[in-house]
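Worksheet: one structure, shown below.
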């Protein structure tokens, strides 16, 4: 759904209470999309939810003060969420630079509650979000808003505080960077799932030869423990090193459950019935090119419910 698409509004609403109800309905309809925009900019659902709630409160206050000033609440919300997310992203850069080990985005798994759902663009895979972390806040915002969510450069400029021409240049630089680092191949979902399932079987079965055959020679494994649990402090490069690390993990009893991570086939890892990792797996030409393991308990807390659903299947 584009932010420019019409959202149905009650006709002939004049009293304040009905107007507030209509505004709330419009916000609730748009909320998953707003969360998607904020998450694409921040890589954190907690921060994205805070930004969206802040924008909603600002809209209500602005409407109460002078409702006629905001004729397009949908467009106003999209721009305001983007602007607030950009402010958060700028302040988060230093915290992420001081983070213990690799910083990975908070994984998105769809839970049963529609209120918790995010309209996640299909390009917002774990691997893509890792690449976006290397952009400047302004470049990331221009790229996500224009290339992913289809906003015009005038709208991007309103969020970034720059001219449309400057935003066009920001997006172009970001696009070139993304193309040089992001996965180059679109993978059929069935093929992606086949490789992920084979990867899980090899890990659980202790089949080193099968695992090495699945790993790209230049595969990278990133593990995010946030200093709270044991994890590699630097990315692990190369098939042999990644395979040895994965087999070291295998020493403890665990199960792997297939699930969709950020819209792509991935895995949940359980130990003693407790979710201990969400694993995003990037695949190209039938081989695993990246393994992103979110181990930080704080990032796992909100996906536990979705994980429990997957574990019951």
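If I ask for residues that are touching a helix residue (DSSP H, G or I) at 6+ places or on another chain (Cβ under 7 Å) and closer than 21 Å to residue 257 by Cα, which ones from the range 181-205 would you list? Passing the criteria: 195, 198, 199, 202, 203.
Residues in the range 233-285 that are at pLDDT 90 or above and within 17 Å of residue 215 (Cβ to Cβ): 23 in all. Taking the criterion of being touching a helix residue (DSSP H, G or I) at 6+ places or on another chain (Cβ under 8 Å) and either within 12 Å of residue 291 (Cβ to Cβ) or outside the structural domain of residue 203 (by TED's automatic domain parsing) (or both), the residues of the range 228-248 that qualify are 232, 236, 239, 243, 246. Would you say residue 284 is closer than 16 Å to residue 125 by Cβ, in contact (Cβ under 8 Å) with a residue 40 or more places away in the chain and surrounded by fewer than 22 Cβ atoms within 10 Å (Cβ to Cβ)? Spelling it out, residue 284 is indeed closer than 16 Å to residue 125 by Cβ, in contact (Cβ under 8 Å) with a residue 40 or more places away in the chain and surrounded by fewer than 22 Cβ atoms within 10 Å (Cβ to Cβ).
To keep it simple, each residue is scored yes or no on (1) closer than 20 Å to residue 120 by Cβ; (2) more than 23 Å from the chain's Cα centre (by Cα); (3) assigned by TED's automatic domain parsing to the domain that holds residue 97.
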residue: 150; (1), (2), (3): yes, no, yes
residue: 210; (1), (2), (3): no, yes, no
residue: 219; (1), (2), (3): no, no, no
residue: 226; (1), (2), (3): no, no, no
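Being loosely packed, with under 15 Cβ neighbours inside 10 Å, free of Cβ contacts under 8 Å to residues at least 60 places away in the same chain and in the same structural domain as residue 249 (by TED's automatic domain parsing) is not true of residue 202. Within the range 157-194, the set of residues being in contact (Cβ under 8 Å) with a residue 60 or more places away in the chain and in a helix (DSSP H, G or I) comprises 158, 159, 160, 189, 191, 192, 193. Within the range 209-252, the residues that satisfy the criterion of being part of a loop (DSSP other than H, G, I, E, B) and closer than 24 Å to residue 298 by Cβ are 225, 226, 227, 228, 229, 230, 231, 232, 233, 234, 235, 252.
Out of 84, 109, 89, one residue alone is closer than 21 Å to residue 300 by Cβ, in contact (Cβ under 8 Å) with a residue 12 or more places away in the chain and assigned by TED's automatic domain parsing to the domain that holds residue 122. It is 109.
Counting the residues of the range 167-180 that are surrounded by 12 or more Cβ atoms within 10 Å (Cβ to Cβ) and out of contact with any helix residue (DSSP H, G or I) (no Cβ under 7 Å at 6 or more places or on another chain) gives 3. Of the conditions (1) over 24 Å from residue 124 (Cα atoms); (2) crowded, with 16+ Cβ neighbours inside 10 Å; (3) without any contact (Cβ under 8 Å) to a residue 40 or more places away in the chain, residue 236 clears all except one; give me its number. Among (1) over 24 Å from residue 124 (Cα atoms); (2) crowded, with 16+ Cβ neighbours inside 10 Å; (3) without any contact (Cβ under 8 Å) to a residue 40 or more places away in the chain, the lone unmet condition for residue 236 is (1).
The combined condition, being in the same structural domain as residue 301 (by TED's automatic domain parsing) and assigned to a strand (DSSP E or B), is not fulfilled by residue 197.
The values are calculated or read from the model by the stated rules, or taken from the named source; none is laboratory data. Keep in mind that what you see is a predicted model, and the values were worked out from it rather than measured. Every residue, glycine among them, receives a Cβ derived from its backbone with ideal geometry; neighbour counts consider all protein chains shown.
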